[in-house]
Structures are given as C-alpha cells and as structure tokens.
Amino acid sequence: MGNIRHNWTKEEIREIYDRPLLSLVLDAAIVHKQNHTFGEVQISSLLSIKTGGCSEDCGYCPQSARHHTDVKVHAMMKVDEVLRSAENAKAGGASRFCMGAAWREVRDNSDFDRVLDMVKEVNKLDLEVCCTLGMLTPYQAERLAEAGLYAYNHNIDTSEEHYSEVITTRTYDDRLNTIANVRNAGISVCSGGIIGLGETDADRIGMLLTLANLPQHPESVPINVLVPVEGTPLANNKRVPFDELVRMIATARLVMPDAAVRLSAGRLELSIAEQAMCFMAGANSIFAGDKLLTTPNPEYNADMDMFRILGLTPKAAFADGHPKNKVREVEEAIS
Ligand code: SAM
Ligand code: DTB
Ligand code: SF4
C-alpha cells in the first residue's frame, strides 16, 4: 500500500530530513500506520558463525585483521552449535535468525558448504533464515536461495561519496552488485548503513537516496549507530545524538514506506523513551539477544520489559510471504 517511489531526488529527501523533528516523526508515524501493523516489531537474532580475521579494512569493524581489537578469531562454527543457538532465538520470540561471517566474499569451499547446511537446518525451524557473508556471485546467491535462504544482509553503510573514507578494499559498486545478485536470486534484501562514521547530513541523505532509488526497495533497512570499538580507526568518533537517529529512521520510513526499518546496533546506549521515539518514527524491527556479532546488545529481559511497557508485539515469521512467491504472484498476474 502507499505511494512507493524509486525516483527520489536529493532535494526531496533533504526537505524531509530537515523537517522540525516532531512534525517529521508525526509524518513518519502516519505513513508507518498506513503500511504496517502499528506496534508490531520484528525480532531478529544475530550469530557470528565465523569471527574476526577479515581481510577488509572497514574503519568501523572490530573484525578486520587490519585493526588491533580484542576480538578473538574463531573458525567456522559447527552446524549443531548454530542450530542450538537458532532454537534458543526462536524460543525467545525471534522470527528471523541471521548468521554473520567475517568474510570479504564467499568462496566456493567446504566452509560455504557448511553454511548451506546451516541454512537448510535453520530453515526447518520455521525461522526466516538470513546470512551476511560479504560479496556473492550470482551462482552463490542461487545456491543460498536453493538451500532455503530467506534474506541476505549487505549494507551500503554510507553514501557513495563517503565510502572510500571508511573502506578502501572494495567499492560502492561491489556492494550494489552483490545486492543485485541477491535480488535476482529471489532472496529478500536487507541493506542499510551506519551513522556516526564521520559523515555529513548530505552523506546520510545520499545513502537513503541510493536505497530508495534501487529498482526494488530492500525489504529491510537496518540503521546502525556506530558502536565505537577500541583499536578501530573510528574508536574515538563522537557519539551520534539521539535526535539524529530518529531523523534518519523517520526519513527512511517516509522514502521506503513498505520496508522494515531496523533499529540496529547502538541500542545499548538508548533509553526506553528514546527507543520509543524511534518506533514512533517508523522503526519496526530490532536485533534482540545480549550480543550483536561481537559487541553487546540489551539483555533479553530488558527488551521484554520494553515490549511490555510500550505495548509492542513480536511479528510472526513469514508474515510478509516469501519473496520468491511474490515474484510468482506478479508473473501470474501478468500472464
Ligand atoms: N563481512 C560481511 C559484510 O561486511 O558484509 C558481513 C558482516 S559485517 C560485520 C555486517 C555489518 O555490520 C556491516 O556492513 C556494518 O554495517 C555492521 N557493523 C560492523 N561493525 C559495526 C560497528 N562497530 N557499529 C555498527 N555497525 C557495525
Ligand atoms: C546490521 O546492519 N547490523 C548487524 C547485522 N546487520 C549483521 C551487525 C552489527 C554489528 C555491530 C558490531 C559487532 O557486534 O561486531
Ligand atoms: Fe570484514 Fe564485514 Fe567487518 Fe568489513 S564489516 S571488516 S567485510 S567483517
């Protein structure tokens, strides 16, 4: 429902981003209510299946081998361990389970075969299975889809202009290519970014412009606040003021009315009242569980308290159908 556009201009997005905060939140809340079940929040759970030692130089990331952080390198987990973690996540109310690997790109080796097994097994638990493994070829995306992968996370992180200030070992186009490969394989796209990387408002607007003008909007858009980690080049960056996060979420909601906007990394620093404002502004997804990939996240009980206090309800798995079926529905409607 709603007016889904793919031809946004920078000026239009800036006009939205610059609205007085409460008017912006109200506008976003109205669009949110028109397009989603108000107060319903999707819970995703994260697991780092292969940690640290990554060859990329992403300035924010504690898992890059080029930075000296406390993160310990951990080889690929066993399928059984991952399954146990997925079962726990489901018991805690998660409808999506996301497995992350500190890889630049997927290679066609036994580790990837193991990830495919993990996808198959987690899929049997009736969870939306998600992976974030770095760059993918079209063939690798298809193999993941065949194994039952529901969603793939691949963030563009910031604007095209700011990208090389943060990461030099790959390009913005590399990111966009993988997103296209994921889309073409019929996998749900999860792509967003991070605020607090030293970017300007124009960069934030540029990032939203790229996402909102993709041929199809990502089904989920994570908005992460930088978690500054000792030993990374961005460890001493200034904390993002809370109103800027709200502004970013509300703008994402208005330019991509159908997407799930995920209030992602950085929640540990936010009060319930601040998170409430993010939900009013259109956030309708979180990562729950006391750990993100390597950094801490709010405790399970604290989140359950928040859900009770704010009257939030967890969203069921597959409530939006499967992206593959949507392609089929469109094809059937045309023929
Ligand atoms: N290696 C894969 C990749 O880069 O696509 C997958 C894992 S990577 C850790 C997934 C995402 O986590 C990154 O794209 C980035 O948006 C986010 N991330 C990493 N470190 C972060 C930090 N310190 N604060 C906030 N978000 C972070
Ligand atoms: C996303 O946008 N945020 C998550 C998930 N996708 C993979 C990762 C956040 C990582 C925060 C730093 C860490 O815990 O290592
Ligand atoms: Fe590697 Fe991903 Fe971290 Fe970049 S964000 S260093 S690609 S794990």
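The values are calculated or read from the model by the stated rules, or taken from the named source; none is laboratory data. Because the structure is a prediction, the values reported are computed rather than measured. No Cβ is skipped: glycine too gets one built from the backbone with ideal geometry, and neighbour counts run over all protein chains shown. These area figures cover heavy atoms from the full protein model, side chains too; ligands, DNA and RNA do not enter into them. Shrake-Rupley method; radii C 1.70, N 1.55, O 1.52, S 1.80 Å.
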Scan of region 76-110 for residues that are open to solvent by less than 50 Å² (accessible area, probe 1.4 Å), over 20 Å from the mean Cα position of the chain (by Cα) and within 16 Å of ligand 3 (Cβ to nearest atom), ordered by number: 76, 77
Enumeration of residues in region 227-264 that are touching a strand residue (DSSP E or B) at 6+ places or on another chain (Cβ under 7 Å), away from ligand 1 (no atom under 15 Å from the Cβ) and basic (Lys, Arg): 253
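This table checks each residue for (1) within 18 Å of the chain's Cα centre (by Cα); (2) open to solvent by less than 20 Å² (accessible area, probe 1.4 Å); (3) within 16 Å of ligand 3 (Cβ to nearest atom).
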position	(1), (2), (3)
250	yes, yes, no
262	yes, yes, no
265	yes, yes, yes
285	yes, yes, no
301	no, no, no
309	no, no, no
320	yes, no, no
Every residue from region 187-222 that is buried (at least 21 other Cβ atoms within 10 Å of the Cβ), outside any loop (DSSP other than H, G, I, E, B), of a type in the set (A, V, I, L, M) and more than 16 Å from ligand 3 (Cβ to nearest atom): 189, 205, 208, 211, 212, 221
Single match in 52, 59 (criterion: in contact (Cβ under 8 Å) with a residue 12 or more places away in the chain, over 17 Å from the mean Cα position of the chain (by Cα) and within 11 Å of ligand 2 (Cβ to nearest atom)): 52
Where a residue in region 97-124 is closer than 11 Å to residue 82 by Cβ and its partner, wherever it lies, is assigned to a strand (DSSP E or B) and polar (S, T, N, Q), with Cβ under 7 Å and at least six apart: 97/45
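For (1) assigned to a loop (DSSP other than H, G, I, E, B); (2) of a type in the set (A, V, I, L, M, F, W, C), each residue gets a yes or a no:
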residue	(1), (2)
233	yes, no
258	yes, no
276	no, yes
284	no, no
Residue in region 162-182 that is closer than 27 Å to residue 35 by Cα, touching a residue at least 60 places away in the same chain (Cβ under 8 Å) and part of a loop (DSSP other than H, G, I, E, B) present: no
